[in-house]
Every structure is written in structure tokens, then in C-alpha cells.
Amino acid sequence: MHADNDAASVSTALVARIGAAIAAAGGWLPFSAFMAMALYEPGLGYYASGRLVVGRMPETGSDFVTAPELSPLFGRALARQIDEALEASGGDEVWEFGAGSGALAAEMLPALRGRIRHYSIVELSAPLRERQREATREFGDLVRWLDVLPERMNGVVVGNEVLDAMPVDLLHFDGASWFERGVVRAEGERPFAWSDRPTALRPPHAASFPAGATTETHRQAEGFVATLAEHMERGVALFVDYGFPENEYYHPQRSEGTLMCHREHRSDPDVLADVGIKDITAHVDFTGVALAGQDAGFDVAGYTSQARFLFNCGIGELMERASLRARAEAAMLLNEHEMGELFKVIAFTKGLPEYAPLGFAAGDRRHRL
Ligand SMILES: C[S@@+](CC[C@H](N)C(=O)[O-])C[C@H]1O[C@@H](n2cnc3c(N)ncnc32)[C@H](O)[C@@H]1O
């Protein structure tokens, strides 16, 4: 009850803050700006207000589960890839973006600690930074938190489910023209409503959409990958997330887009309700991300399903040595109908033209991007 009251008052304060931003912008806010505030507004946004966010069960107060929360074998398999990438690049630093509860760092650090000088976390959320500090306490000064990217990076970047948490532009097609969908203040029970404006923005495959379609573009995630490419001197960047190549993403059958909310381990598409007390995400357009990286100087060194990637990294062998229960948990990372197929892994390299990362040795799907 107490937590619910807290959540309700945070949400009320956030609605007022977003309302003020809408007024200051002349009455209309692009959806990307609304999503940024709903998730990251200091002290009030979903990721910034101290909610538990990730965890295995709703009883713990969490809203959704991620791979490192589901099974420690995720981090142990990924650590094999990172260890190999550090060796190939000669780097001695790992940067994790959007580290959530710190579970992935804690799973990988026992394997990586002898090889690295720093495990640097870049995290927008102040309360999550505190949880990460707790989860990695035993590794002492090896783990640090950065507010800005170093000018030159040599080493390995990793991010699990961070690209899907970046604000997206929302587009709507009325059968003849494209509009950018934004948010306005509303009267009555619901505080916000949609409002469309003409736009020059287009999805990459604009031709295939039926009238009434809604979809997203990912300028922020693409800009993020491009910035990394510019800062990376020599190294590897790995991102794991749910999503598809462009021809599947911008497909007539997906004409309602991919925006989704998560709360208490349930999903719903109503992004304008319960603002700040549920997560908002969009699937990743891996083709867009790959092209953005490539244009900014990265090579795309691999793209495959999470299941393929983890098998290539030896998760099968780790499972053989695990308890039955641990095996069953790890199987959820691999099963096609669970996380094995919807989740993908993409690898970028810079300054390593000959390097073929272990995780893509079999089943590389770059040709599908
Ligand atoms: C869906 S959660 C995933 C958490 C964790 N990686 C996991 O797998 O459990 C998204 C995380 O990304 C963070 N985040 C989003 N955008 C970010 C950015 N531009 N830089 C750093 N962290 C970001 C959020 O604060 C949050 O920790």
C-alpha cells in the first residue's frame, strides 16, 4: 500500500513535470521527448525513481526479467566472448552500458578480473547505480562509474537490453502522408493524448505500410552506436537485445509498431497511462543500428540469435556441469519460444579487421541485416 502510494505520488509529480514541458514546447512534445522524461526524468522517471525494475518475480517488486537475472550462465558464457575480445584487442577495460541491477557485472567479473584494469559502468539512473555498487562491492575499485565516455576507448563495450530502453520517434501513416506522433495534455482521467504533425521523417521501408500504421525510428540508439564508433580506437562492442532486421521490423504485418510497457511482469501497449510506473520499450532495428555503426567507422563482425551466440560461447558445456534447476533456467535463454530467437546479439569491431568473434562462429546472420 505504502509503495503504491509512493508510486502514485511520483507518477502525479512526473505528469505535472511532463505537462510543464509540453506547455513550454508550445503544447506538443515529440514522443521521443515524452519517452525520455517518462523513463529518465531525474528523481521521477521510471528508471530514476528507485523502482526495483528488473528481477525474477513480481513479488520482489520488479517489473520484468532480463537474461542476467534469469541465469548466471548468461554472464558466464558472455564473459568467454569478452575475454577473447580483450585478448584480440589488447585492451584492458570493459564498459557496460545500462547495467540494471549489476547482475551481469557480478556474473562476469570473476572470470574477467585478472585481465582488466577497469570495469566501467555507464548508467543514467542514480538509484540503479547504487544497486550496481552493492552487487559488485566485492570487486572493489575494479568497478567504477563514468558520466562521460573517454575520448579514446581500447577494450570491450557490452550492453544487455540497453538499446531497447532508448527513446524512439513515433510515426503514423494515414494512407497518404506520414506524421510524427507527439503527446499533448488532455482533460479528464487520462493526462495525455496523441497528436500528429506532418514530418519529413520516414521509416526505412515506408512503401509497405497500410493506412493507419504506426511505427518507430531509432535515431537515439543509432546516434549512440555512432558515438561509440567515434570514441573506439581499437576494440569490440557487443549488444544483446530483442529486435529484428529492417525487412522484418518494417513489415506490413507489424503495422502497430513495437512499443510496449512492462509492469509487474505483465505487458501492455498503453504508453500514455501510469506514466513513470511502468517501463516503455521498443524493439531494436538491428539493420539501422548496424548501418549507423558502419557509417561511423565500426565493422559489423557478427549478428546472430541469442541462442546461437550462447552455444558458440560454450553455454552447453556450462549447463552440463550445472544443477537441473540451473539448467532449466538457462534453457529459457535458449528456447526458441522464450529468449533464444527473439533476442539477437550484434558485434562491432574497430581496428581489428581479421578478428572473428567466437560467439558468431556458427550461424552468423549478417547477410540478413
Ligand atoms: C532494460 S534495462 C536493462 C538492465 C540490465 N542491462 C539487464 O539486462 O538487466 C535498461 C538499462 O539501460 C539504462 N540506460 C538506458 N539508456 C542508457 C544510456 N544512454 N546510457 C546508459 N544507460 C542507459 C537504464 O537506466 C537501465 O539500467
Quiz prompt | Anisotropy class of the range 40-124 from Cα gyration tensor, a/c 1.5 cut | solution = oblate
Exercise. Using a 1.4 angstrom probe on heavy atoms only, work out the carbon and sulfur share of the accessible area of the range 260-328 in %.
Key: 49 percent
Quiz item: With every protein chain left in place, what is the accessible area per residue of the chain in square angstrom, probe 1.4 Å?
Solution: 42 Å²
Quiz prompt | Among 97, 183, 194 the positive-end extreme of the charge dipole of the range 64-204 (Cβ point charges) | solution = 97
Quiz item: What FRET efficiency comes out for the pair residue 247/residue 137, r = Cβ-Cβ distance, R0 = 35 Å, nearest 0.05?
Solution: 0.15
Quiz item: Any idea which of 330, 88, 342 is furthest toward the positive side of the dipole for the chain, if Lys and Arg beta-carbons carry +1 and Asp and Glu beta-carbons -1?
Solution: 88
Exercise. Specify the longest stretch of the chain that does not include any exposed loop site, a site being one of the GluC sites (Glu not before Pro) with a non-H, G, I, E, B DSSP assignment and at most 13 other Cβ atoms within 10 Å.
Key: 1-150
Quiz prompt | Using alpha-carbon coordinates, inclination of helix 103-112 to the longest axis of the chain, degrees | solution = 20 degrees
Quiz item: How large, in percent, is the carbon and sulfur part of the accessible surface of the range 168-217 at a probe radius of 1.4 Å?
Solution: 50 percent
Quiz item: Nearest 20 debye, what's the magnitude of the dipole of the range 134-286 about its Cα centre given +1 on Lys and Arg Cβ and -1 on Asp and Glu Cβ?
Solution: 200 debye
Quiz item: Along the range 10-22, what does the Karplus equation 6.51 cos²θ - 1.76 cosθ + 1.60 (θ = phi - 60°) give for ³J(HN,Hα), rounded to whole Hz, x for Gly and Pro?
Solution: 5, 5, 4, 5, 5, 4, 5, 5, 5, x, 5, 5, 5
Self-check item: Sparsely packed trypsin sites (Lys or Arg not before Pro) within the range 257-329, loop by DSSP, other Cβ within 10 Å at most 14
Solution: 321
Quiz prompt | Relative contact order %, the chain, counting alpha carbon pairs below 8 Å whose residues are six or more apart | solution = 19 percent
Practice problem: Report, in debye and to the nearest 20, how large the dipole of the range 97-210 comes out about its Cα centre when Lys and Arg carry +1 and Asp and Glu carry -1 on their Cβ. | Solution: 400 debye
Exercise. Using only the Cα atoms of the range 261-369, build the gyration tensor, take square roots of its eigenvalues as a ≥ b ≥ c, and label the shape rounded, prolate or oblate: rounded if a/c is under 1.5, else prolate if a/b is larger than b/c, else oblate.
Key: oblate
Exercise. Quick one: check the C-alpha center-to-center distance for the range 68-88 versus the range 5-65, whole angstrom.
Key: 32 Å
Quiz item: What list of ³J(HN,Hα) values in whole Hz, one per residue of the range 224-238 in order, does the Karplus curve 6.51 cos²θ - 1.76 cosθ + 1.60 (θ = phi - 60°) give from phi, with Gly and Pro shown as x?
Solution: 4, 5, 5, 4, 4, 4, 5, 7, 6, 8, 8, x, 9, 10, 10
Quiz item: What angle do you read, to the nearest 10 degrees and between 0 and 90, between the alpha-carbon axis of helix 126-135 and the longest principal axis of the chain?
Solution: 20 degrees
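The values are calculated or read from the model by the stated rules, or taken from the named source; none is laboratory data. Treat the numbers as computed from the prediction; the structure is a model and nothing was measured. All Cβ positions, glycine included, derive from the backbone under ideal geometry; neighbour counts span all protein chains shown. These accessible areas exclude ligands, DNA and RNA; they are computed on the full protein's heavy atoms, side chains included. Shrake-Rupley method; radii C 1.70, N 1.55, O 1.52, S 1.80 Å.
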